[in-house]
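The values are calculated or read from the model by the stated rules, or taken from the named source; none is laboratory data. Note that the coordinates shown come from a computational prediction; the quantities given were computed from them, not determined experimentally. Using ideal geometry, Cβ is built from the backbone for each residue, glycine included, and neighbour counts are taken over all protein chains shown. Just so you know, the surface numbers come from the protein's heavy atoms only, side chains and all, with ligands and any DNA or RNA stripped out. Shrake-Rupley method; radii C 1.70, N 1.55, O 1.52, S 1.80 Å.
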Amino acid sequence: MNDTTRDPGNPTHHILSVLVQNRPGVLARVASLFARRGYNIFSLAVAPAEEVGMSRITIVVDLDSAPLEQIVKQLFKLIDVIKISELDPRHSVERELLLATVRVQPSERGQVIELSNVFEGKILAVGGDALTLSLEGRPDKLDDFEELLGSYNITELQRTGRVALPKLTRGARLRLAN
């Protein structure tokens, strides 16, 4: 867990939402650009976008590794990049998914289930001596859950990486409510 990412007043990371053509090798070119330049990727998520033939790459970049403007300029040089949106964490909605398998004796199983319930998680599978859990939410919520779950025997843990969209303006939220 990186506590510097949890201060909404002073983020050390920034979110880039990159719309690209859905073609073989595009993700490899984006990743190699970051590697060649020595930019640190904090999180990476890729999926088809709302437009047919397009994918959205959500990249959380470490601003300590390079200036944001430099990263954006380099990305725009890639031929398959259509659009880049910069999403400040203070002005975006972020979500992430966590899956974890915890080896736990039957006597402690209730504690892990209760912890999952407190965080609004789900029990996906129950075995004789293990549980598989899922939790969706803000990255800081998942950080807190992971920290508390750490007192149990986590045998496997996977996080998806962040996805994000801009926060809606107050007028946009009101229009949706009607």
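Between Arg90 and Asn117, 0.36 nm times their residue separation minus their Cα-Cα distance comes to what?
Working it through step by step, the gained length comes to 7.0 nm.
Just the number please: accessible area per residue for the chain, 1.4 Å probe, all protein chains included, in Å².
58 Å²
Starting from the residue with the highest accessible area, list Glu69, Glu96 in decreasing order, probe 1.4 Å.
Ranking Glu69, Glu96 by accessible area, largest first, yields Glu69, Glu96.
Could you work out Rg/(2.2 N^0.38 Å) for the range 86-178, with Rg from alpha carbons only?
In units of the globular-protein estimate, the range 86-178 measures up at 1.34.
Accessible surface of Glu86 in the full protein assembly, 1.4 angstrom probe, to the nearest 10 Å²?
For Glu86, solvent-accessible area is about 100 Å².
Testing the spin-label approximation: label points 7 Å from Cα along Cα→Cβ at Leu33 and Val126. State their distance in nm.
Simple spin-label model gives 4.8 nm for this pair.
Among DSSP beta bridges lying fully in the range 40-178, give the percent that are antiparallel, nearest 5.
100 percent
Could you work out the percent of alpha carbon pairs in the chain separated by over 24 Å, rounded to a whole number?
49 percent
Can you list the lysines whose alpha carbon is less than 24 Å from that of Lys122, not counting same-chain residues fewer than 8 positions off?
Lys141
Per DSSP helix of 4 or more residues, -39500 (n - 2.57); summed, then divided by the residues of the chain. What does that give at 222 nm, rounded to the nearest 500?
The helix contribution divided over the chain gives -9000 deg cm²/dmol.
Under 19 Å Cα-Cα from Lys167, which aspartates and glutamates qualify once same-chain neighbours fewer than 8 residues away are excluded?
Once the sequence-local aspartates and glutamates are set aside, what remains near Lys167 is Asp7, Glu50, Glu86, Asp88, Glu94, Glu96, Glu136, Asp140.
Heavy atoms only, probe 1.4 angstrom, no DNA, RNA or ligands counted: give me Leu157, Leu133 ranked by accessible area, highest first.
The residues order as Leu157, Leu133, largest area first.
Let a ≥ b ≥ c be the square roots of the eigenvalues of the Cα gyration tensor of the range 74-139; is it rounded (a/c under 1.5), or, if not, prolate (a/b larger than b/c) or oblate?
Since a/c reaches 1.5 and a/b is larger than b/c, the shape of the range 74-139 is classed as prolate.
Could you work out what % of the accessible surface of the chain is carbon and sulfur, using a 1.4 angstrom probe and leaving DNA, RNA and ligands out of the count?
Exposed carbon and sulfur together represent 53 percent of the surface.
Spin-label point model (7 Å from Cα, Cβ direction): what's the Glu51 to Leu99 distance in nm?
The answer from the label model is 3.1 nm.
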